[in-house]
1. Among the numbered criteria (1) surrounded by fewer than 16 Cβ atoms within 10 Å (Cβ to Cβ); (2) within 14 Å of chain A (Cβ to nearest Cβ); (3) of a type outside the set (A, V, I, L, M); (4) farther than 18 Å from B:Val211 by Cα, which one does B:Asn150 miss?
2. Looking at B:Asn18, B:Asn78, which is the one that is of a type outside the set (A, V, I, L, M) and more than 27 Å from B:Ser197 (Cα to Cα)?
3. Can you tell me which of A:Ile237, A:Ile202 is touching a residue at least 40 places away in the same chain (Cβ under 8 Å) and under 30 Å from A:Glu144 (Cβ atoms)?
4. Only residues that are of a type in the set (A, V, I, L, M) and crowded, with 17+ Cβ neighbours inside 10 Å: list them for the range A:217-254, please.
5. Does the range B:110-133 contain at least one residue that is among the small types (Gly, Ala, Ser) and out of contact with any helix residue (DSSP H, G or I) (no Cβ under 6 Å at 6 or more places or on another chain)?
6. Determine, yes or no, whether B:Glu306 is under 23 Å from B:Tyr267 (Cβ atoms), in a loop (DSSP other than H, G, I, E, B), in contact (Cβ under 8 Å) with a residue 12 or more places away in the chain and of a type outside the set (Gly, Ala, Ser).
7. Can you tell me which residue is farthest from the chain's Cα centre (by Cα) among those in the range A:70-94 that are part of a helix (DSSP H, G or I) and of a type outside the set (A, V, I, L, M)?
8. Is the range A:288-301 home to any residue that is aliphatic (A, V, I, L, M), touching a helix residue (DSSP H, G or I) at 6+ places or on another chain (Cβ under 8 Å) and free of Cβ contacts under 8 Å to residues at least 40 places away in the same chain?
Amino acid sequence: MNIDILKKLQKEAPDLKIRTINNINIIFFETLCNSNDINDFILKPIVMNNINDYSKLIKIPFGNYKEINNEKDLFFCLYSGFTIINIKNKFIACETKYPLNSSISEATNEKVVKGPKDAFTENYQNNIGLIRKRIRSKDLKVNEYVVGSESKTKVGLLYLDNVCDKDLVNEIDTKIKNIDIDYLLSINNNICKKSYTFPTYIMTERPDLVSFMLMEGRIVIITENNQEVLIIPTFFIDIFKSIDDHYQNRINVTITRIIRIIAFLTSIIVPGLYIALTTFNQETLPTSVLINFSMQREGVPFPSFIEAIILWVTFEILREADTRVPFVVGSSMSIVGALVLGQAAVEAGLISPIMIIVIAISSVSSFLFNDNDVVNSIRIWKLIFLILGSFTGLYGIFIGTVLFFTRICSIKSFSYDYIKEKL
Amino acid sequence: MKKILIIILIIFLTGCYNYKELNKIGIVSSISIDKEDNKYIVGAQVMNIKNEDTDSSKVIVYTEEGNTIEEALRNMTNKADKKLFGGHLSKLVISEEVAKDSIIDVIDLFQRLPEIKTEFNITISKNIKAVDVIKVMTSGGTIPADFVKNEIDSAYLDSALTYSSKLDEFVSFYLKDYIDPVVSVIEVENFNDEGTSLDNTKTTDPDTKIVLSNIGITSNGKLERYLNEEETIGYNLVRNNINELIVPIKCGDNYASISIIKSETKYDVNKNKIKIDINSNGNLNEYNCNKDINEDTIKELESKTEDKLKEYIDKVLKVQDSSKSEFLGLKRLIYLEYPDYNNEEYKLYINTNVNISRKGELDNSIKGEKNE
């Protein structure tokens, strides 16, 4: 092992700098390292004290340094932001990492009314710090792994030793160890079963939620370079819980949770139920309601099912567009959505106003849940109910309900039942 | 894969049975039944639903004849542009003639069809063809048929002047022993062609009106006779159907009126003796008598009200005595207690008890207050 391999590397990585003073080579990536640290703590002592051999070099006070014996370590340290000091055939690495991440800021994806505002960042150490700040216990254990044959992403598995189920920890531990992947983006798809539409995990950026879940005995997985932290296992009822519930009066929160459950059922069932009632089981509606519906459908050329599908697809396109477009364009999007597609479609006689109400109420209801995985699985079930309702009427809605509940009951969240109330 | 296949089969094997779009169905709100030359003449009042506020009538009446009611309804498809849908039928009007022949024959269809609610009103059209009743244009509400339904409900609940007879109750009373159902009776005041046009709804005093005319009693599924106002109140008192009732009381030359707001009828059956206890609570709502209101006058009013209620009941009992119909269901009370009862004579004791709990702000009539 000598300096030549690094010099060769320099041709393909122009940001790799090699500085030579008194036959000491100092090698670092200027994009990863803090140049002030290198000046103050490496270059200055070497020049001032006129250091030229190894025994003198290791007397320089470094915070975090280690000797390097093989090529693999050399590259790992170099790419992790260490500065390598080479004297003759000896290599040592000292940490001069430049923090390449955003500072702790407000949670942007999960809005809450009450509670702390801080959120996880892309920095692995920061994230563990944010949790340690909340749980000052020696029982908080961190297992560290490196996942990804190319990315070498640091993954931390956190659990409370005295609360957590050891079998579960072992299960997750083997799962993480068995991950065979080049580049790790997010760990949820690698350890959770993919065939379930409802999520058996929570991805969150709120440290208070993570700490709360740890206290309940759940496992938390922090991935480097990802501000979303994974909580496993989670259950069906967790969909209806939000961390800011704990900062509020519990009687009021009970009502809020009931409303969430109503909204959940509304968003799944309403479009299918509306079509079932108006095309198959008209006798179940009150007469005046039926007359109003009938009046609004007058002149609409399509069957109700096609009408609902058109409107639903339009809405999903608008939603997807709204999440992708930059904030500045967002307001013009909503004008197009609300006015052009809503009002004009009704006036053109393509869609009945009541159908807009039905699709809108069901879509708005699904936005009570800030987890996108929940919103998307609601979308799938909405479509199932819509198809069942439009082909077989109320009978189909009952079949759908049975299907829905059997599905929910048959999901396994790791080794637990999905309908478990609490861990 | 098997599961998915089963689910797909469940959906598509039904072949969209019973599928009908909302704008393709004609909602039938009322049906009328007359008879001519041994053939039923059936009229269907179908809602004419329009998106815009047009001058057109809210309902269209189709009439057709047939040997059965369904045949007549079938023949209507020649005239109607939409499939007739009976799920929202709110009243059935049967002409006097048909009702005297047999009500039960007529309603079989409505009891049998699954889509029809069994909660519509059964009414008899008195002195007029049934089809003319459903042709009358009434004001108010988006649903013209609801006019009669609301009329019956308010008359029944607020003043006990009629009884709201629904299909399922009618059939179940007919099938039970020792009790016969009753029906509401409708009359039309001043029926003419203008009454069927929109003009009838444009004035404050429509020329042609639908008027309720108390109830008719049936025996063996046939209309037997009509009851008048007082007899109807008596019927509702005995059958424990009172929700609210206004009782006028004579005092000297003037009148007072008591409004009964709560009334409960209790039966006590002992062998062949039936004791009917009526406990009522009432308010003094109108008072034009000369005497001051004090405990004595209140007591007097109470006893007079009790007598009046007894009078109502006596009148209806007289009808019961002279009729074959068991519309009061008194024999059924004995039958329920003693199942081996076989149509023997029974004795009836009536006891009424009225309690006036509120008399209003004035201690005297307004006239009397001034004279003091």
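The values are calculated or read from the model by the stated rules, or taken from the named source; none is laboratory data. Only a predicted model underlies this, so the values are computations on that prediction, with no experimental measurement involved. Here the Cβ is made from the backbone with ideal geometry for all residues, glycine too, and neighbour counts use every protein chain on show.
1. Failed condition: (4).
2. Answer to the check: B:Asn18.
3. Of the residues listed, the single one that is touching a residue at least 40 places away in the same chain (Cβ under 8 Å) and under 30 Å from A:Glu144 (Cβ atoms) is A:Ile202.
4. Selection gives A:Ile219, A:Val220, A:Ile221, A:Ile222, A:Val229, A:Leu230, A:Ile231, A:Ile232, A:Ile239, A:Ile243.
5. Scanning the range B:110-133 turns up at least one residue that is among the small types (Gly, Ala, Ser) and out of contact with any helix residue (DSSP H, G or I) (no Cβ under 6 Å at 6 or more places or on another chain).
6. Details: under 23 Å from B:Tyr267 (Cβ atoms): yes; in a loop (DSSP other than H, G, I, E, B): no; in contact (Cβ under 8 Å) with a residue 12 or more places away in the chain: yes; of a type outside the set (Gly, Ala, Ser): yes.
Here the answer is no, as B:Glu306 does not meet what is asked.
7. For the range A:70-94, the residue satisfying everything is A:Glu71.
8. Yes, some residue in the range A:288-301 is aliphatic (A, V, I, L, M), touching a helix residue (DSSP H, G or I) at 6+ places or on another chain (Cβ under 8 Å) and free of Cβ contacts under 8 Å to residues at least 40 places away in the same chain.
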